[in-house]
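One structure is given here, and the rest of the page talks about it.
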Amino acid sequence: MRVLAFSTSSNAESINGHLVNMAVAQLQNQHDGSVQVDTLDMNDYELPLYTQAREGESGIPDKAVEFYHKIGAADALIIGLPEHNGYYPAVYKNLFDWTSRHDMQFYQNKPTLLLATSPGPSGAANVLGAAVASAPFFAMDVKGSMSIPSFYEAVDTEQRVFVDSQANIQLADLLQQLND
């Protein structure tokens, strides 16, 4: 199985990036290391701000088309969703806008696990809810989603596991659904 994994944050120390890395490590353990993982860094996808005029003048940027093809080459997706003022980070929203102009169905029906966390009690639930609700419009096959409130209390970052064993079991179950 080939998995494309990324956080939609441009912050190198993003807790949602850590959450994605935890999921990837657990998926590798479940499959004895046989999963091929391609990770993306949103900093590699900074694009001019989307406008119809800019699209008309310059067309779709190569990086948006590259992002589309990376999704197409994957068998499954693991996406970490930080919440910026209740929604996607600007860098991802802009990439999302450009890529959807290339093909509105840009998630290409890939089985997807959506993860979200925050340092506070909301667990980035607003952005997670928005992503799940809009998924069908962009051909995302959401196999599961998970919100983790209070990241620093909930996660042992050195061991790459949740402090609560039930959360580890829930993540393992969600990862299993990527195969179904």
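Quick notes on this one:
- Residue within the range 25-43 that is touching a Lys or Arg at 6+ places or on another chain (Cβ under 7 Å), of a type outside the set (D, E, K, R) and under 21 Å from Asp156 (Cβ atoms) present: yes
- For the range 128-167, the set of residues classified as of a type in the set (Gly, Ala, Ser) and either in contact with a Cys (Cβ under 6 Å, 6 or more places away or on another chain) or in contact (Cβ under 8 Å) with a residue 12 or more places away in the chain (or both) consists of Ala130, Ala131, Ala135, Ala139, Gly144, Ser145, Ser147, Ser150, Ala154, Ala167, listed by residue number.
- Screening the candidates Ala64, Ala73 for the property of being modelled with pLDDT of 95 or more, over 23 Å from Ile148 (Cβ atoms), touching a strand residue (DSSP E or B) at 6+ places or on another chain (Cβ under 9 Å) and among the aliphatic types (A, V, I, L, M) yields one hit, Ala73.
- Any hit, the range 8-18, residues being of a type in the set (Asp, Glu) and either within 22 Å of Leu175 (Cα to Cα) or assigned to a helix (DSSP H, G or I) (or both): no
- Selection status of Glu66, out of contact with any helix residue (DSSP H, G or I) (no Cβ under 7 Å at 6 or more places or on another chain), part of a helix (DSSP H, G or I), acidic (Asp, Glu) and more than 22 Å from Leu114 (Cα to Cα): no
- When the range 157-171 is limited to residues that are over 17 Å from Gly123 (Cβ atoms) and either under 17 Å from the mean Cα position of the chain (by Cα) or among the charged types (D, E, K, R) (or both), the one that is surrounded by the fewest Cβ atoms within 10 Å (Cβ to Cβ) turns out to be Glu158.
- Against the list (1) exposed (fewer than 15 other Cβ atoms within 10 Å of the Cβ); (2) assigned to a helix (DSSP H, G or I), the condition Asn179 fails is (2).
The values are calculated or read from the model by the stated rules, or taken from the named source; none is laboratory data. As the structure is a computational prediction, the values presented were derived from the model and not from experiment. Reconstructed Cβ throughout: ideal geometry from the backbone, glycine too, with neighbour counts over all protein chains shown.
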